[in-house]
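Everything below concerns the one structure shown next.
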Amino acid sequence: MEQQRKCAIVTGGSRGIGRAVCLRLAAEGFDIVLGYAGNDQAAEETLEAIRALGAGAEAVKGDVSEEAVCQALFDRAAEAFGGADVLVNNAGITRDGLLMRMSDEDLDRVLEVNLKGAFRCMRIASRLMARRRSGRIINMSSVVGLHGNAGQVNYAASKAGLIGMTKSLAKELGSRGVTVNAVAPGFIDTDMTAVLPDKVREQLLGSIPLGRLGQAEEVAAAVAFLAGPDAAYITGQVLSVDGGMSI
Ligand code: NAP
């Protein structure tokens, strides 16, 4: 008998870690709805790569901090693939700087995208998944959310907040058969980290026991595990993928 396909929504799925998550889940039998902010070319390339793996692929362009954009992701999943089985809240931004020079806007924007975007998507997912009595929610936190980092007070707050939401929602949805977990990547080789000055990169590398940056595919493997059958009894957890940075 042919196995029924599943569908995953991946926010920020056009580039970096999100793209790797899309490709890994597509390879494991998921159809994908990816969200992205504005880079059409990256989104198009990722859609093509997903389809080349034989999976269905749809994209929703827009700011994940807007409720209507979050809703559009779930509407597209329902229309194209019969609803989402997995939600990966991966969209994220940084606006780094020392707190003494950080504006309210720098805090608000990072919280709006990283924390409230995920909050809104989780709220929609929790209603739908609770009704279905199954589902997986995976939130992209960070080593910075666990341990803090100078120059990232706003980002750390958003990523620590995600961990609190993950654990609370895991308690709310456990009885409905829905698991909620977080992944906490360390220093991963993507556009987000490409902008770091060489000096900062060298310092960071010195703090990683495995002595190298992580690859987006290595984070995607952890997401695929949490989305898959082997993680059915795991909820409310934070899985670090950081080369030992957080030891
Ligand atoms: P990235 O390469 O900068 O990609 C960011 C993705 O998010 C893109 O698809 C982007 O869309 C999308 N996005 C950005 N702002 C958005 C918004 N307002 N609404 C909707 N989508 C938006 O980032 P990354 O390095 O892969 O990081 C992915 C996640 O992992 C983030 O949550 C980040 O905080 C987390 N993380 C990363 C690292 C690391 O070392 N890279 C470490 C720990 C945690 P466009 O392409 O359209 O711009």
Checklist outcome for this item: Those residues of the range 32-56 which are buried (at least 22 other Cβ atoms within 10 Å of the Cβ) and more than 18 Å from residue 216 (Cα to Cα) amount to 33, 55
Item to check | Residue check for residue 75: in a helix (DSSP H, G or I) and away from the ligand (no atom under 11 Å from the Cβ) | outcome: yes
Item to check | Index of the failed condition, residue 185 passing every other in (1) in contact (Cβ under 8 Å) with a residue 60 or more places away in the chain; (2) out of contact with any Ser or Thr (no Cβ under 8 Å at 6 or more places or on another chain); (3) open to solvent by less than 20 Å² (accessible area, probe 1.4 Å) | outcome: (2)
Checklist outcome for this item: Residue pairs within 7 Å by beta carbon, gap of at least six or interchain, first lying in the range 37-59 and hydrophobic (A, V, I, L, M, F, W, C), second part of a loop (DSSP other than H, G, I, E, B) and within 10 Å of the ligand (Cβ to nearest atom), listed first then second, are 37/63; 42/14; 42/15; 43/14
Next on the checklist: Would you confirm whether or not the range 2-13 contains a residue that is in contact with a helix residue (DSSP H, G or I) (Cβ under 6 Å, 6 or more places away or on another chain), of a type in the set (Ser, Thr, Tyr), crowded, with 23+ Cβ neighbours inside 10 Å and closer than 21 Å to residue 189 by Cβ?
Outcome noted: no
Checklist entry - If the Cβ limit is 9 Å and pairs must be 6+ apart or interchain, which residue in the range 132-149 that is within 23 Å of residue 208 (Cα to Cα) and open to solvent by 40 Å² or more (accessible area, probe 1.4 Å) pairs with which residue that is within 10 Å of the ligand (Cβ to nearest atom) and among the aromatic types (Phe, Trp, Tyr)? => result 149/155
Checklist entry - In the list 91, 84, which residue meets the criterion of being within 14 Å of the ligand (Cβ to nearest atom), part of a loop (DSSP other than H, G, I, E, B) and in contact with a Gly (Cβ under 8 Å, 6 or more places away or on another chain)? => result 91
Checklist entry - Does residue 46 qualify as being under 17 Å from residue 84 (Cα atoms), modelled with pLDDT of 95 or more and within 10 Å of the ligand (Cβ to nearest atom)? => result no
Checklist entry - Can you find even one residue in the range 77-85 that is charged (D, E, K, R), within 21 Å of residue 183 (Cβ to Cβ) and touching a residue at least 12 places away in the same chain (Cβ under 8 Å)? => result yes
Checklist entry - With 140, 102 as the choices, which residue is under 21 Å from residue 85 (Cα atoms) and of a type in the set (A, V, I, L, M, F, W, C)? => result 140
Item to check | Residue ranges of helices (runs of 4 or more DSSP H) in the range 110-219 with at least 1 members modelled with pLDDT under 95 | outcome: 191-194, 198-206
Checklist outcome for this item: The residue that is surrounded by the fewest Cβ atoms within 10 Å (Cβ to Cβ), considering only those in the range 188-235 that are touching a residue at least 60 places away in the same chain (Cβ under 8 Å) and touching a Gly at 6+ places or on another chain (Cβ under 8 Å), is 191
Item to check | Among the candidates 144, 180, residue that is touching a helix residue (DSSP H, G or I) at 6+ places or on another chain (Cβ under 6 Å), at negative phi and away from the ligand (no atom under 14 Å from the Cβ) | outcome: 180
Checklist outcome for this item: Cβ pairs under 9 Å, 6+ apart or interchain, first in the range 162-176 and at negative phi, second in a helix (DSSP H, G or I) and of a type in the set (Ser, Thr, Tyr), ordered by first then second residue, are 169/126; 172/126; 173/126; 176/126
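The values are calculated or read from the model by the stated rules, or taken from the named source; none is laboratory data. It should be emphasised that the depicted structure is a prediction, and the values quoted were computed from it without experimental measurement. Please note: Cβ atoms are built from the backbone with ideal geometry, for glycine as well, and neighbour counts cover all protein chains shown. All accessible areas refer to the heavy atoms of the entire protein, side chains included, with ligands and DNA or RNA removed. Shrake-Rupley method; radii C 1.70, N 1.55, O 1.52, S 1.80 Å.
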